[in-house]
Amino acid sequence: MKALNENFNAVITFDGDGQHTSDFLEIFIEELKNGTQLVLGIRPNNQRFSEWVFRIYTKFRFNWHDPLCGMKGYSISLINGIGKLSTYESIGTELALRSLKSNCSIKQIHIQDIKRIGHSRFGDGFLANLKILKALILGVIKIR
């Protein structure tokens, strides 16, 4: 990860489909500057059945409200402490799951998203739900 090599203090991720705006960046940056180790976005809704299943699990286990939101902020010290960015195709959730298990400091921020233009790279049907459920199952196994 380039941020590790460039000596940055934090990393903020966005989904690549244009659904996130920079409108909430300042809030994420401020939280990270104030010492929060993990800042998680919460979108207003989920579209797929599997997203609801994932959300129910993470809310029950970690009080994490939107595990598939791509807008997340990580302190570099947290990333270094976890030691692994990703060991499987986790749809961007493995590092956050490992972080939550480590009992780091967390802040969840309600964000607005923009309607996606075009199609999701995961699709909209059965296969998309299967990929998301696979990410959940692998995540549960990997963080034990």
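Only residues that are crowded, with 20+ Cβ neighbours inside 10 Å and either among the basic types (Lys, Arg) or in a loop (DSSP other than H, G, I, E, B) (or both) were counted across region 58-89, and they come to 7. Of all the residues in region 102-144, those that are assigned to a helix (DSSP H, G or I) and either of a type outside the set (D, E, K, R) or at pLDDT 80 or above (or both) number 16.
Conditions (1) touching a Gly at 6+ places or on another chain (Cβ under 6 Å); (2) of a type outside the set (S, T, N, Q), marked per residue:
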residue: Ala3; (1), (2): no, yes
residue: Asn9; (1), (2): no, no
residue: Ile29; (1), (2): no, yes
residue: Val39; (1), (2): yes, yes
residue: Ser50; (1), (2): no, no
residue: Trp64; (1), (2): no, yes
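Screening Gly92, Gly41 for residues that are of a type in the set (Gly, Ala, Ser), buried (at least 17 other Cβ atoms within 10 Å of the Cβ) and farther than 17 Å from Ala135 by Cα leaves exactly one candidate, Gly41. Confirm whether Asn5 is loosely packed, with under 14 Cβ neighbours inside 10 Å and either more than 21 Å from Asp113 (Cβ to Cβ) or touching a Pro at 6+ places or on another chain (Cβ under 8 Å) (or both). Against the criterion (loosely packed, with under 14 Cβ neighbours inside 10 Å and either more than 21 Å from Asp113 (Cβ to Cβ) or touching a Pro at 6+ places or on another chain (Cβ under 8 Å) (or both)), Asn5 qualifies. In this structure, Lys2 does not satisfy being of a type in the set (D, E, K, R) and under 20 Å from Lys101 (Cβ atoms).
Do we find that Gln19 is part of a strand (DSSP E or B), surrounded by 14 or more Cβ atoms within 10 Å (Cβ to Cβ) and not hydroxyl-bearing (Ser, Thr, Tyr) in this structure?
No, not satisfied.
If you filter region 70-112 down to residues that are touching a helix residue (DSSP H, G or I) at 6+ places or on another chain (Cβ under 9 Å) and without any contact (Cβ under 8 Å) to a residue 12 or more places away in the chain, you find that the one that is nearest to Leu25 (Cα to Cα) is Ser86. Note on region 34-69: residues that are within 13 Å of Ser105 (Cα to Cα), free of Cβ contacts under 8 Å to residues at least 40 places away in the same chain and under 15 Å from the mean Cα position of the chain (by Cα) amount to 2.
The values are calculated or read from the model by the stated rules, or taken from the named source; none is laboratory data. Worth saying up front: this structure is predicted, and the values here are computed from it rather than measured. As a convention, Cβ positions derive from the backbone with ideal geometry for all residues, glycine included, and neighbour counts pool all protein chains shown.
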